[in-house]
Every structure is written in structure tokens, then in C-alpha cells.
């Protein structure tokens with residue numbers, strides 16, 4: 001792992017993971033709706049219509065949850081402020097922070113660690129999400145997504161640059 005120096009202005013785009021998930025959910029919705037329309041208008045197989053309608057109802061709920069709880073932002077971090085652009089997917093603006101926020105509205109840098117998935121057929125590596133933690137009334141902003149313990153060092157660099165304390169949450173990554 002090579003050390004990466006964080007310099008200001010720091011441009012970030014941490015929304016790509018969620019945009020990919022949401023695009024996949026929308027594409028699956030389109031396939032199910034197409035099958036539903038075909039079944040209603042052409043094949044008239046009402047059992048299939050009922051099954052596809054049930055699947056589509058679950059997919060719509062899943063899509064709503066994905067859109068509502070997605071995290072990630074696109075923006076630029078400067079020494080005195082962070083500018084967040086709207087997070088757009090196709091012609092939709094996804095919920096989340098946007099606008100300009102002064103840095104005095106943030107309380108800390110938070111490094112949220114996860115051990116990844118273990119005991120599955122496809123285990124994942126440990127990963128971290130580095131947040132700019134807002135004070136009450138100010139949103140938390142994802143600055144970086146890292147792997148294998150790199151978030152701790154990047155979090156310390158952000159903390160030093162912005163003169164903010166660094167908090168660590170989640171699973172501590174132990175390297176052997």
C-alpha cells in the first residue's frame with residue numbers, strides 16, 4: 001500500500017458505488033415491467049402477471065430503500081469550505097447533501113471501518129469510509145472510500161489539514 005498525500009483543494013466523487021447499484025436496480029425494474037406488460041397485453045398469462053407484479057412490488061421497495069439510504073457525494077474540499085454538487089443519476093437528483101458548507105460547521109473526521117464479508121463464497125476485503133462529520137443541522141459527507149486499513153492514514157491526513165479530530169468507528173483492521 002502506497003501512502004497518498006491529501007492536498008487541498010481535494011476533489012472527490014464517492015457516489016459511484018451507489019449510482020452503480022441504483023442503475024442496476026432500475027435496469028432490473030425495466031426488465032420486470034417489460035415482462036409484466038408483455039404478459040398483460042400479449043400472452044394473457046395471469047399467473048405470470050401476478051408473479052411479476054409481486055416481484056416488481058418488492059423491487060420498487062428495494063429501489064426506494066437504495067435511493068433513500070445511498071451515501072456518497074461529488075464535490076471539492078477547500079481549506080475553508082466544502083462545495084457539494086447535486087448527485088444525479090440520469091435525469092434524477094438523488095437525495096443527499098448539496099451546496100456550500102463552511103468547515104466550521106463540521107466537528108470531526110470519522111473513519112468507519114468494516115471487516116468486509118467473511119464466511120461467504122465471495123469474501124471481501126476490509127474497507128473504510130472516511131466521513132466529514134457535520135455538527136447538528138449539517139450533513140455528514142463521504143470524502144473517501146478505502147480498503148485494507150488505508151482509511152486510518154487518510155483520515156489522519158484530513159484531520160491534520162482541516163484541524164479536526166479524527167474518530168474511528170467500526171471494526172478495527174488487523175494486518176498480519
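A short reminder: the numbers here are calculations on the coordinates, not readings from a lab. It should be emphasised that the depicted structure is a prediction, and the values quoted were computed from it without experimental measurement. FYI the Cβ positions are ideal-geometry reconstructions off the backbone, even for glycines, and counts take in every protein chain you see.
Here are labelled values, (i) 22, 19, 16; (ii) 36, 23, 11; (iii) 39, 21, 12, and one is the computed semi-axes √(5λ) of the Cα gyration tensor in Å for what I pasted. Which one?
Here the calculated entry is (iii).
Determine, for 93, 146, the number of other Cβ atoms within 10 Å of each Cβ, and report the residues in order from fewest to most. Display every interim value, and only then the final one.
Values: 93 10, 146 20.
Final ranking by Cβ density, sparse to dense: 93, 146.
Need the full-extension length gain, residue 8 to residue 93, defined as separation in residues times 0.36 nm minus the C-alpha distance. One decimal, nm. Walk me through the numbers on the way to the answer.
Working: separation 85, 0.36 × 85 = 30.60 nm, distance 2.70 nm.
That pair, residue 8 and residue 93, stretches by 27.9 nm at full extension.
Taking every DSSP beta bridge with both residues inside the chain, roughly what % is antiparallel (nearest 5)? Display every interim value, and only then the final one.
Values: 28 of 33 bridges.
If I count the DSSP bridges inside the chain, around 85 percent turn out antiparallel.
What nm value, rounded to one decimal, do you get for the distance between residue 147 and residue 61 when each label is placed 7 Å out toward the C-beta?
3.4
Let a ≥ b ≥ c be the square roots of the eigenvalues of the Cα gyration tensor of the range 20-69; is it rounded (a/c under 1.5), or, if not, prolate (a/b larger than b/c) or oblate? Let's see the in-between values first.
Working: a/c = 4.41, a/b = 2.21, b/c = 1.99.
Here the range 20-69 falls in the prolate category.
What does the helix-only formula give at 222 nm for the chain: each DSSP H stretch with n ≥ 4 adding -39500 (n - 2.57), the total divided by the residues, and the result rounded to the nearest 500 deg cm²/dmol?
-11500 deg cm²/dmol
Testing the spin-label approximation: label points 7 Å from Cα along Cα→Cβ at residue 135 and residue 85. State their distance in nm.
Taking the two extended label points, one gets 2.9 nm.
Which distance in nm do the two modelled labels at residue 21 and residue 161 give, with both placed 7 Å along the Cα-to-Cβ direction?
2.6
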